1. Is it the case that ARG75 is at pLDDT 90 or above, touching a helix residue (DSSP H, G or I) at 6+ places or on another chain (Cβ under 8 Å), among the basic types (Lys, Arg) and over 16 Å from LEU26 (Cα atoms)?
2. Among the residues of the range 6-27, how many are more than 22 Å from ARG168 (Cβ to Cβ) and either open to solvent by 30 Å² or more (accessible area, probe 1.4 Å) or not in a strand (DSSP E or B) (or both)?
3. Might you let me know whether the range 52-61 holds any residue that is modelled with pLDDT of 90 or more and of a type in the set (Phe, Trp, Tyr)?
4. Part of a helix (DSSP H, G or I), open to solvent by 20 Å² or more (accessible area, probe 1.4 Å) and at pLDDT below 75: does that describe LYS41?
5. Of the conditions (1) closer than 20 Å to ILE104 by Cβ; (2) modelled with pLDDT of 95 or more; (3) of a type outside the set (A, V, I, L, M), ARG156 satisfies every one except a single condition; which number is it?
Amino acid sequence: MIIILEGFDTTGKSNLAHYLVHKLKLGYMHNMPCYSTQLQKDFINIIQAVGEGVVIDRFHLSDIVYGKIVCEHIRMNDFEIEQLERLLLNKKVVFIHCTARLKIVRDRYQKENNKYVPRTLIMQCLEEYNRQFDRLRNKGFRVYKLDTSEPIEIQRSYIDKMITSLTRGEI
């Protein structure tokens, strides 16, 4: 099983990744955005190298969202994205969309003193992640969504149901 967690900074991806690694006994990979000129090839190599049984914290959607909103250019063209996503679909990759309400994201972002994305662009990034995950769902990907602005009890309940679904092969 390959699980990819995506979402805006401060939405709980890394915390959830470590929890899933522990509960599901999977490997872990934190994929920080790279500055390779062969980004699509790098992503394909990662997927082929990890095999099965890994949680990947960030992947290609981060490059698409931040590239489009913050950098004003995406380093992969439509054909490369399509080719990569075809591979991911064939591998039955599961996506988890980590998100939170705008005010909470802004507060967390400020608390971490993160300056990569101007505060004025945070809402656009959150909306673009929503569009990207809708696009993946329409392609047939299994996508879970976790709102980390919900009370922790609700999050835990949802995560436990998600884990049960994943371990039963309901993908």
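1. No; evaluated as a whole, the condition is false for this residue.
2. Residues in the range 6-27 being more than 22 Å from ARG168 (Cβ to Cβ) and either open to solvent by 30 Å² or more (accessible area, probe 1.4 Å) or not in a strand (DSSP E or B) (or both): 10 in total.
3. No, the range 52-61 contains no residue that is modelled with pLDDT of 90 or more and of a type in the set (Phe, Trp, Tyr).
4. Yes.
5. Going through the list (1) closer than 20 Å to ILE104 by Cβ; (2) modelled with pLDDT of 95 or more; (3) of a type outside the set (A, V, I, L, M), ARG156 breaks only (2).
Yes/no matrix, rows are residues, columns are (1) of a type in the set (A, V, I, L, M, F, W, C); (2) under 14 Å from the mean Cα position of the chain (by Cα):
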site: VAL54; (1), (2): yes, yes
site: ILE69; (1), (2): yes, no
site: MET76; (1), (2): yes, no
site: PHE79; (1), (2): yes, no
site: GLU85; (1), (2): no, yes
site: ARG106; (1), (2): no, no
site: GLN110; (1), (2): no, no
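The values are calculated or read from the model by the stated rules, or taken from the named source; none is laboratory data. These numbers come from a predicted model, not from an experiment. A quick note on method: Cβ atoms are made from the backbone with ideal geometry, for glycine too, and the neighbour counts reach across all protein chains shown. In case anyone asks, the SASA skips ligands and DNA or RNA and just uses the protein heavy atoms, side chains included. Shrake-Rupley method; radii C 1.70, N 1.55, O 1.52, S 1.80 Å.
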